[in-house]
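All of the numbers you see were taken from the coordinates with simple rules; none came from a lab. None of the values given here were measured: they were computed from a predicted structure. Neighbour counts run over all protein chains shown; Cβ positions are idealised from the backbone, glycine included.
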Amino acid sequence: NSLIVDLSTTRVLGLPLLVYVFALVVLIGWLVLNRTTFGRRTYAVGGNPEAARLAGIDVRKHTLMLYALSGLCCGIAAVLIMARTTTGSSTHGDLYELDAIAAVIIGGTLLSGGRGTIIGSILGLLIFTVITNLFILNGLNTADQLVAKGAIIVVAVLLQRRSLRSHT
């Protein structure tokens, strides 16, 4: 318990330790996606699983490894949220998936797969966080925020589709 509280209260060079944990996870993720065979295979599987299979990638095994990696990242996020709130609750992550989807779409990741970057997702996260903070500062209730976030996702997806059609 004390270790988790220390994680949220410790500051290094004026920044919370949580920021450094986040930066470390982003750096490792960037390295894995951009500098390893695993990352190239991930883009291949995401872009066209059948072509990836024909290229010799075990798509089922790779997808399973991606789900395991996703679970690991969810576990890290859960510990960080628990450290930040100093409580554990099964509802702490409610509706975070909507924010995560919106952030990565705004950051340029295709819902259809095969294209996206961690840096783009981080920029999308920052933009979406600013939008969410503006909603809160302007007193929008939760239901209106969810509708607005959903609308942002729909508009971003439509813009992606339009952009993809113009490039083909």
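Given 0.36 nm per residue, what is the gain on full extension from ASP94 to ILE119 after removing their alpha carbon distance, in nm?
Numbers: separation 25, 0.36 × 25 = 9.00 nm, distance 2.46 nm.
So the chain would gain 6.5 nm between ASP94 and ILE119.
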Classified through the alpha carbon gyration tensor (a ≥ b ≥ c as square roots of its eigenvalues; rounded if a/c is under 1.5, else prolate when a/b is larger than b/c, else oblate), region 25-72 comes out oblate
Answer in debye to the nearest 20: the dipole magnitude of region 95-168 about its Cα centre, from +1 Lys/Arg and -1 Asp/Glu charges placed on Cβ, is 380
Per the charge dipole of the chain (beta-carbon charges, Lys/Arg positive, Asp/Glu negative, Cα centre), the residue among LEU95, LEU27, LEU146 reaching farthest to the positive end is LEU27
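Excluding ILE57 itself, calculate the net charge of residues whose Cβ lies under 13 Å from the Cβ of ILE57, where each Lys or Arg counts +1 and each Asp or Glu counts -1. Could the numbers behind the result be given before it?
Numbers: positive: ARG40, ARG41, ARG53, ARG60, LYS61; negative: GLU50, ASP58.
Computed value for this residue: +3.
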Computed from every Cα-Cα pair in region 63-168, P(r) in 5 Å bins starting at 0 and rounded to whole percents is 2, 11, 16, 21, 20, 16, 9, 3, 1, 0, 0
On the formula 1/(1 + (r/R0)^6), with r taken between the Cβ atoms of LEU159 and THR37 and R0 of 41 Å, the FRET efficiency rounded to 0.05 is 0.80
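Please give the charge dipole size of the chain, origin at the Cα centre, charges +1 on K and R Cβ atoms and -1 on D and E Cβ atoms. Round to the nearest 20 debye. Walk me through the intermediate numbers first.
Details: 13 positive and 7 negative charges, 133 e Å.
Computed charge dipole of the chain: roughly 640 debye.
Report the gain in length on full extension from ILE127 to VAL12: 0.36 nm times residue separation, minus Cα-Cα distance, nm rounded to one decimal.
38.9 nm
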Dividing the surface of the Cα convex hull of region 94-154 by four yields a projected area in nm² of 4.1
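Apply the membrane-span-like helix rule to the chain: whole DSSP H runs, Cα extent along the own long axis of at least 30 Å, mean Kyte-Doolittle hydropathy at least 0.0. List the helices found. Before the final figure, lay out the partial values.
On the way: long enough: 59-85 (38 Å, 1.19); 142-167 (37 Å, 0.55).
The qualifying helices are 59-85, 142-167.
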